[in-house]
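Everything on this sheet refers to the single structure shown next.
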Amino acid sequence: MNVVLDHPLVAHRVTLMRDHETPPKLFRELVNEITTFLAYEALKDIRVSAVDVVTPVAKAKGVKVNEPRIILVPILRAGMGMLDAMLNVLPYAKVGVLGMQRNEATAEPVPYYAKVPPAKDGEELALVIDPMLATGGSACDAVAQLKKLGYKRIKFLNLISAPEGISKFESEHPDVPVYTAAKDERLNSHFYIVPGLGDAGDRIFGTL
């Protein structure tokens, strides 16, 4: 399943984020805001329990989130730019990290670091975050690593997707939903998303 956010407030922020003149500070703020929108959409089916609450006026029925084991998994380095927003929404979540570097010649992911706690019973909810879904290599590898660790409930959140990346991801992990803020046209000969926004990590960390 691939969900593209269709909302003018998201589209407005994506437009600002694409602009090559947007400075790193504003770019990070936009990433944070869009990630929050993605989290709201991706967590619409989060598990809850019914509770009673006493207001200053009367008793009321309500719900409380009942997902005691949520893990956020940013893909280094760019995925760290989405982490603060996710922690604002899920402050009790645990954080694991997966480090992958793209081979610029082949566009294949090269794993170099992994620190993710293994799943205990498969009921944990793992949210993988990475700004770009280009070829799909890193995302597919990240989800494969989580499945080897016993995770069965996994979702992938990203800012910009290419059709090629979505196709690869859905073919390898049809059971994992993808939430994205924008689906772009294609990849170019250098495996960058067109029109895209450039290198998300460089723009987040100001290392252009």
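Summary of computed values
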item: Check on L9, more than 21 Å from D130 (Cβ to Cβ) and either part of a helix (DSSP H, G or I) or in contact (Cβ under 8 Å) with a residue 12 or more places away in the chain (or both); result: yes
item: Failed item, numbered, when S189 is tested on (1) of a type in the set (S, T, Y); (2) closer than 17 Å to I75 by Cα; (3) part of a loop (DSSP other than H, G, I, E, B); result: (2)
item: Residues satisfying the stated conditions in the stretch 153-183, i.e. within 16 Å of H7 (Cα to Cα) and either of a type in the set (F, W, Y) or modelled with pLDDT under 95 (or both); result: Y179
item: Matching entry among S167, S171, S189, S161 (being crowded, with 23+ Cβ neighbours inside 10 Å and small (G, A, S)); result: S161
item: Residue, surrounded by the fewest Cβ atoms within 10 Å (Cβ to Cβ), within the stretch 174-186, restricted to residues that are within 18 Å of L127 (Cα to Cα) and of a type outside the set (A, V, I, L, M); result: P174
item: Sole residue being of a type in the set (K, R), surrounded by 13 or more Cβ atoms within 10 Å (Cβ to Cβ) and farther than 21 Å from F191 by Cα, chosen from R77, R13, R102, R18; result: R13
item: Check on K94, touching a Ser or Thr at 6+ places or on another chain (Cβ under 6 Å), among the basic types (K, R) and over 19 Å from F169 (Cα atoms); result: no
item: In the stretch 126-154, residue nearest to D45 (Cα to Cα) [restricted to those that are within 14 Å of the chain's Cα centre (by Cα) and surrounded by fewer than 22 Cβ atoms within 10 Å (Cβ to Cβ)]; result: I154
item: Some residue of the stretch 84-93 being among the aromatic types (F, W, Y) and assigned to a loop (DSSP other than H, G, I, E, B); result: yes
item: Scan of the stretch 29-74 for residues that are among the aliphatic types (A, V, I, L, M), surrounded by 17 or more Cβ atoms within 10 Å (Cβ to Cβ) and closer than 23 Å to D121 by Cα, ordered by number; result: A42, L43, I70, I71, L72, V73
item: The stretch 194-208, subset touching a residue at least 40 places away in the same chain (Cβ under 8 Å) and of a type in the set (A, V, I, L, M), residue farthest from A162 (Cα to Cα); result: I204
item: Cβ pairs under 7 Å, 6+ apart, first in the stretch 72-83 and under 10 Å from L157 (Cα atoms), second polar (S, T, N, Q) and buried (at least 23 other Cβ atoms within 10 Å of the Cβ); result: M82/T35
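Residue-wise test of (1) free of Cβ contacts under 8 Å to residues at least 12 places away in the same chain; (2) part of a helix (DSSP H, G or I).
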| position | (1), (2) |
| --- | --- |
| C140 | no, yes |
| Q145 | no, yes |
| I154 | no, no |
| N158 | no, no |
| S171 | yes, yes |
| P174 | yes, no |
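The values are calculated or read from the model by the stated rules, or taken from the named source; none is laboratory data. These figures come from a predicted structure and were not determined experimentally. When we count neighbours, we look across all protein chains shown, and the Cβ atoms used for this are built from the backbone with ideal geometry, even at glycine.
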